[in-house]
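Below is one structure, written out as structure tokens, with a few remarks after it.
The values are calculated or read from the model by the stated rules, or taken from the named source; none is laboratory data. Just so it is clear, the model here is predicted, and its values are computed rather than measured. Methodologically, a virtual Cβ is constructed for each residue, glycine included, from the backbone with ideal geometry; neighbour enumeration extends over all protein chains shown.
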Amino acid sequence: MTDSSRRPVAVFDIDNTLADTGHRQHFLEGRPRDWAGFFAAAPADPPLAEGVALALDQARECEIVYLTGRPERCRRDTLDWLAAHGLPEGRVRMRSNADRRPARFTKLEILRRLARDRQVRLLVDDDELVCDDAERAGFTVVRARWAAKSAALEDAQEREGRT
């Protein structure tokens with residue numbers, strides 16, 4: 001067993017936890033929603049200081065895992081964004097391109113899988129439903145309430161399972 005495999009895991013969402021999506025939320029206001037535009041604009045997200053500071057702090061004692069609702073096709077942009085903003089290295093768990101389940105289901109499933117082998121120290125996420133379900137399942141949660149969210153984004157998180 002390596003030293004890193006004994007460290008607890010700190011799990012971080014990306015959108016509206018580490019990355020400010022405010023400038024691209026307008027893509028979700030129309031019908032149909034412009035998901036291609038929404039995700040194409042992600043590389044321009046400014047970092048959220050509160051989330052970045054928490055990730056850097058947790059990285060001193062924990063392995064960082066990024067758990068995002070972004071589709072797999074956004075992996076390169078996501079990895080480049082994390083590196084450009086000085087975030088700790090860590091595994092990035094993304095949804096498959098065709099997965100449209102609400103994040104509260106997909107993320108809880110992955111959290112439970114992670115907890116089989118490791119202590120999950122905490123989950124940091126902005127989605128209230130994800131946080132509620134994770135707390136009910138016994139995980140320690142930090143609610144990322146430091147970014148503004150539109151009603152369209154909140155609806156998309158629950159109904160369309162895309163972020």
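Of all the numbered requirements in (1) in contact with an Asp or Glu (Cβ under 7 Å, 6 or more places away or on another chain); (2) among the basic types (K, R); (3) buried (at least 18 other Cβ atoms within 10 Å of the Cβ), R24 misses one, and that requirement is (1).
Against the test of being modelled with pLDDT of 95 or more and over 28 Å from R113 (Cα atoms), the options A59, A84, A55, A19 yield a single qualifying residue, A84. Within region 68-97, residues that are part of a loop (DSSP other than H, G, I, E, B) reach partners that are β-branched (V, I, T) with beta carbons closer than 6 Å, at six or more positions or on different chains, in the pairs P88/I64. When region 102-131 is filtered for residues that are of a type in the set (K, R) and under 23 Å from D20 (Cα atoms), the ones remaining, listed by number, are R104, K107.
For the residues G37, G30, G51, the requirement of being surrounded by fewer than 17 Cβ atoms within 10 Å (Cβ to Cβ), part of a helix (DSSP H, G or I) and of a type in the set (G, A, S) singles out G37. Checking every residue in region 110-127 against the condition of being among the hydrophobic types (A, V, I, L, M, F, W, C), in a loop (DSSP other than H, G, I, E, B) and touching a residue at least 40 places away in the same chain (Cβ under 8 Å) gives zero matches. If the condition is being part of a loop (DSSP other than H, G, I, E, B) and either over 17 Å from the mean Cα position of the chain (by Cα) or farther than 14 Å from A148 by Cβ (or both), then region 16-27 contributes only L18.
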